[in-house]
Amino acid sequence: MTADLPNYYFRVRENGATVFRVNTENRQRRIEMDEIAVINVKNGNIKPHGDAELTQADTAAIGAWVEARQTQLAAREVDDILRTVDHLNLTTQWAQSRATEAQLEAVTDSLLMAMHDLRSTLVRKKADTLMKPQG
């Protein structure tokens, strides 16, 4: 099993990860994980942990992980928005077919304000895009 282990382990945390170097080269062949850095996915900052000195291999592996993580998070963000579209459609169907007057009373004002805010933002962004010079 230890032969298949990666050289690095990334413990995901808010806005980034803690990076560990995985080591099995000891007498007991136990898995040791040495913390070597903390990374911020949003800005790409890499901070070595304590006295750890990052090798070129460490930096390259961390950079590749950050790039893959940023891609993954961007895809999740779009997926979340598409799920919101589905939710809005389901909410419309619920309001039209199953909602009671009391349920509608409980959610209508909040939904209308949120939808107005979203619509205003989307229209403004779309207008900005259309008004940009093409080039």
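Selection of segment 10-30 for residues being outside any loop (DSSP other than H, G, I, E, B) and at pLDDT below 90 yields only 23. In segment 73-92, is there at least one residue being of a type outside the set (Ser, Thr, Tyr), within 21 Å of residue 6 (Cβ to Cβ) and in the same structural domain as residue 11 (by TED's automatic domain parsing)? Yes: segment 73-92 contains one or more residues that are of a type outside the set (Ser, Thr, Tyr), within 21 Å of residue 6 (Cβ to Cβ) and in the same structural domain as residue 11 (by TED's automatic domain parsing).
Cβ-Cβ contacts under 6 Å between residues 6 or more apart (or on different chains), taken from a first residue in segment 31-43 that is assigned to a strand (DSSP E or B) to a second residue that is among the charged types (D, E, K, R) and surrounded by 15 or more Cβ atoms within 10 Å (Cβ to Cβ), are listed as 34/21; 36/21.
The values are calculated or read from the model by the stated rules, or taken from the named source; none is laboratory data. If you're wondering where the values come from, they're calculated on a predicted model, not measured in any experiment. Cβ coordinates were reconstructed from backbone atoms using ideal geometry, including for glycine residues, and neighbour counts include every protein chain displayed.
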